[in-house]
1. Could you please let me know if SER116 is hydroxyl-bearing (Ser, Thr, Tyr) and over 18 Å from LEU146 (Cβ atoms)?
2. May I ask you to list the residues in segment 34-49 that are under 14 Å from ASP77 (Cα atoms) and in a loop (DSSP other than H, G, I, E, B)?
3. Does ALA100 satisfy being open to solvent by 20 Å² or more (accessible area, probe 1.4 Å) and either in contact (Cβ under 8 Å) with a residue 12 or more places away in the chain or within 28 Å of SER165 (Cα to Cα) (or both)?
4. Which condition breaks for GLY223 when tested against (1) in a loop (DSSP other than H, G, I, E, B); (2) of a type outside the set (Phe, Trp, Tyr); (3) in contact with a Cys (Cβ under 8 Å, 6 or more places away or on another chain); (4) farther than 28 Å from HIS173 by Cβ?
5. In segment 381-409, how many are within 23 Å of the chain's Cα centre (by Cα) and assigned to a loop (DSSP other than H, G, I, E, B)?
6. Report, by residue number, each residue of segment 226-261 that is in a loop (DSSP other than H, G, I, E, B) and open to solvent by 20 Å² or more (accessible area, probe 1.4 Å).
7. Take the residues in segment 14-58 that are open to solvent by less than 10 Å² (accessible area, probe 1.4 Å) and among the aromatic types (Phe, Trp, Tyr), then tell me which one is farthest from LEU254 (Cα to Cα).
8. Is there a residue in segment 363-380 that is of a type outside the set (Phe, Trp, Tyr), in a loop (DSSP other than H, G, I, E, B) and open to solvent by 60 Å² or more (accessible area, probe 1.4 Å)?
Amino acid sequence: MDCLDFLFTENNPVPSPCFVLDEPRLAANAATLDEVQRRTGARILLALKGYAAWATFPLLSRAGAGPLWGTCASSVDEARLGREEFGGEVHAFAAAWTAAEIAELLDLADHIVFNSPAQWRQFRPVIEAHNRAHRADNPIACGLRLNPEHSEGATPIYDPCSPGSRLGIRRRHFDPADLTGISGLHFHTLCEQGADALARTLDAVEARFGPWLPGCDWINFGGGHHITKPGYDLDLLCACLTRWRERYNARIYLEPGEAVALNAGWLTATVLDVVMADMPVAVLDVSAACHMPDVLEMPYRPEVFYRHGGATTRAGNAGEEGWTCRLAGKSCLAGDVVGEYGFAAPLQAGQRLVFGDMAIYSMVKTTTFNGLRLPSIGICAAGPDSAGREMRFSLLREFGYQDFRNRLS
């Protein structure tokens, strides 16, 4: 029995709604990432913007039983979480930093990447003074983010190199004089993509910034690498990483978020009602707007599982099965709709559904719009539990009124 089947067992202790972290799948992802590290000498970091369930960090971090070297943060709070809960290296990048944030990062970050030369010039004195006074043996490494103007993303909102993007320095704005005191360079062009997209990105970076790569102590390839997706070309990835490490004699970093927890989390849901519109609409106790915002932003259509004929079954596309309905959330947003799915039989109030691949981004982007409570959080591990089931479930967190109230005033 795996975690998904466990979620449909009778009298299981998993509430609804609940984000359920799948420990065996997290471990399998970590093993794949470690294979890349061992084959190439690259260091892989967890991008906290994609996955930050710190209760599972011991499975992932070298400070625990895992293989990853550290975390990359997009804010001071993420950097603190990485320092306190994950361990290892803490890398930080933001589109812009304030003086107060840099002051906090001095005691949290090992690498700080700047989005513009102006920000580097502004904060270079305070960082170098801090290094001299407190970190002479292990100074904070500073870098600049490049924009190779090479788009691989299909969705503009997630494309760091889309026209008009504020992220990274374009070649026409790049001045080698700004590299004084800089030890490495960073770029990020991908979003849930394969090694072929990375290979094309590397060609673009070399074409625009090649003369300055040999001076790097480290190069960060950013995130968006779908390394743990079935069919991903690991050999091509490893060849790219090894080639650049050897060519430029630099430490290579990757900072995926989705690859770490890809397909390693579930969201349980319950049908509350089925109403008629132009087709049947099943209203659930979860919300796309509040609990799965990327469904609306990306947009994308998550997999849905249900129980039929004594087996766990994947819902089909609209029109593929005997009964088609629209799955919708319970908020007042008219567009709070997950999508249209085909089922073998009509859904009934009280029936459990489970959404797949819900560990990444969904958990870190949830909101309490409408005062809807956030889903509980739990973790499934290999059993047996006290009832003799083959999986063990631990409830990590429940949310209530105070969580809603205290973030508003």
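1. Values: hydroxyl-bearing (Ser, Thr, Tyr): yes; over 18 Å from LEU146 (Cβ atoms): no.
No; evaluated as a whole, the condition is false for this residue.
2. Looking only at segment 34-49, we keep the residues that are under 14 Å from ASP77 (Cα atoms), and these are 47-49.
LEU48, LYS49, listed by residue number.
3. Details: open to solvent by 20 Å² or more (accessible area, probe 1.4 Å): yes; either in contact (Cβ under 8 Å) with a residue 12 or more places away in the chain or within 28 Å of SER165 (Cα to Cα) (or both): yes.
Yes, satisfied.
4. (4)
5. Going through segment 381-409 one residue at a time, the tally reaches 2.
6. First, pick out the residues of segment 226-261 that are in a loop (DSSP other than H, G, I, E, B): 226-233, 249-250, 255-257.
Within segment 226-261, THR228, LYS229, PRO230, GLY231, TYR232, ASP233, ASN249, GLU255 meet the criteria.
7. PHE19
8. Taking segment 363-380 first, the residues of a type outside the set (Phe, Trp, Tyr) are 363-368, 370-380.
Filter once more, keeping what is in a loop (DSSP other than H, G, I, E, B): 366-368, 372-375.
So of that shortlist, the ones also open to solvent by 60 Å² or more (accessible area, probe 1.4 Å) come out as 373.
The answer is yes; a qualifying residue exists.
The values are calculated or read from the model by the stated rules, or taken from the named source; none is laboratory data. Quick caveat: nothing in here was measured; it's all calculated off a predicted structure. Glycine gets a Cβ as well: all are built from the backbone with ideal geometry, and neighbour counts include every protein chain shown. With ligands, DNA and RNA removed, areas are computed over all heavy atoms of the protein, side chains included. Shrake-Rupley method; radii C 1.70, N 1.55, O 1.52, S 1.80 Å.
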